[in-house]
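The structure appears right after this line, and notes come after that.
The values are calculated or read from the model by the stated rules, or taken from the named source; none is laboratory data. Keep in mind that what you see is a predicted model, and the values were worked out from it rather than measured. Here the Cβ positions follow ideal geometry from the backbone for every residue, glycine too, while neighbour counts run over all protein chains shown.
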Amino acid sequence: MRPRYKQFAPQYASMFGDASVVHAYQYRPPYPPETFEILISLIDPDASFRTMFDAGCGPGTIARV
């Protein structure tokens, strides 16, 4: 079983119950370009499809790029 990361603990998730935290989320820094380079490197160039699934909980910022 994988260890649970502390940032996924209930006390961190519960912060999003506060409307001011949810409102401020739009001002978080953008993902660095290296994020997209790493994700692109995961796509098999020989695959018949080039689709990646963004299963995050955010607004789809990574998926749109």
(message) For region 26-38, give me each residue that is of a type outside the set (F, W, Y), closer than 25 Å to A13 by Cα and assigned to a helix (DSSP H, G or I).
(response) Q26, T35
(message) Looking only at residues that are of a type in the set (G, A, S) and at pLDDT 85 or above in region 15-48, which one is surrounded by the most Cβ atoms within 10 Å (Cβ to Cβ)?
(response) A24
(message) Within region 1-11, does at least one residue satisfy the condition of being surrounded by 10 or more Cβ atoms within 10 Å (Cβ to Cβ), modelled with pLDDT under 85 and not in a helix (DSSP H, G or I)?
(response) yes
(request) Answer yes if at least one residue in region 49-62 is modelled with pLDDT of 75 or more, farther than 26 Å from Y12 by Cα, out of contact with any Ser or Thr (no Cβ under 6 Å at 6 or more places or on another chain) and part of a helix (DSSP H, G or I), and no otherwise. (result) no
(request) Scan region 49-59 for residues that are under 24 Å from F16 (Cα atoms) and surrounded by 10 or more Cβ atoms within 10 Å (Cβ to Cβ) and jot them down. (result) D54, G56, G58, P59
